[in-house]
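The values are calculated or read from the model by the stated rules, or taken from the named source; none is laboratory data. Just so you know, these numbers come straight off a predicted model, no measurement behind them. Cβ placement follows ideal geometry from the backbone for every residue including glycine, while neighbour counts extend to all protein chains displayed. For the accessible areas, the whole protein counts, side chains as well, though only heavy atoms, and no ligand, DNA or RNA atoms are used. Shrake-Rupley method; radii C 1.70, N 1.55, O 1.52, S 1.80 Å.
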Amino acid sequence: MQAKDIMTSPVITVGPDVPVGQVAKLLLEKRISGVPVVAGDGRLLGVVSEGDLLRRVETGTERRKPSWLEMLIGQGSDVGDFIKSHGLHAGDVMTREVVSAAPDASLRDLAELMERNGIKRVPIVEGGGLVGIVSRANLLKGLVEDRAGAPVQSSDEQIRTGLADLLRREPWVDHRRINVVVADGVVQLWGSVENDEQRRALVIAAESHPGVRSVEDHLTANWFTNEAG
């Protein structure tokens, strides 16, 4: 799946001249936590999120630095905070450094962008224009749709090879102690692991592979090795 498969489109947007109060009302009415700010030609200018409206002079929540800190670092750094708390329009309070992605971005790329940048949504941009938006809820929807899809048919050899490739990339797997046998879509796991967590991870790896009908766990936990190490 790609961004274009799960994104919300068309997107609820506001212009840079929309009053802050109207933006806040829109977030509440639509039950969304952020809204893109776009120019008249559709270009993405920024995003106004709940966080951008957290510190406002109207509610007495504007940020104030202790006087001793102002003397130490000066007052120049307060300019941005002042604009955020006193700005009257979306263009004043929006976050301008927006993390965006292309329509063909994978779900993995989108999840990593959200996690790495601590954000809840990723605007999808094509040709400089906003074409959609992917939120955390959209990612969950992608997970549900993927699980609800038609069963994948795989041969025993494809399953065995696919599992081997997956486990080869995991540093916690001791391949010398694990043997995977596949017959009629049933995966048998043989060998020894260091603890129950590794056992569970191997079972999950097998269960989640396309085409697997069931998993038989014949693994043993090598407690002596684990305690001795």
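With respect to (1) under 18 Å from the mean Cα position of the chain (by Cα); (2) assigned to a strand (DSSP E or B), the lone exception for residue 44 is condition (1).
The strands (runs of 3 or more DSSP E) found wholly in the stretch 154-229 and carrying at least 2 residues that are open to solvent by 30 Å² or more (accessible area, probe 1.4 Å) and within 23 Å of residue 143 (Cα to Cα) occupy 214-221.
Does residue 11 satisfy the criteria of being modelled with pLDDT of 95 or more and touching a Pro at 6+ places or on another chain (Cβ under 8 Å)? Spelling it out, it is not the case that residue 11 is modelled with pLDDT of 95 or more and touching a Pro at 6+ places or on another chain (Cβ under 8 Å).
Selection of the stretch 78-113 for residues being within 13 Å of residue 49 (Cα to Cα), basic (Lys, Arg) and outside any loop (DSSP other than H, G, I, E, B) yields only 84.
Screening residue 16 against (1) modelled with pLDDT of 90 or more; (2) more than 24 Å from residue 109 (Cβ to Cβ); (3) open to solvent by less than 50 Å² (accessible area, probe 1.4 Å); (4) not in a loop (DSSP other than H, G, I, E, B) leaves a single unmet condition, (4). Residues in the stretch 49-100 that are open to solvent by 60 Å² or more (accessible area, probe 1.4 Å) and touching an Asp or Glu at 6+ places or on another chain (Cβ under 7 Å) were compared, and the one that is modelled with the highest pLDDT is 89.
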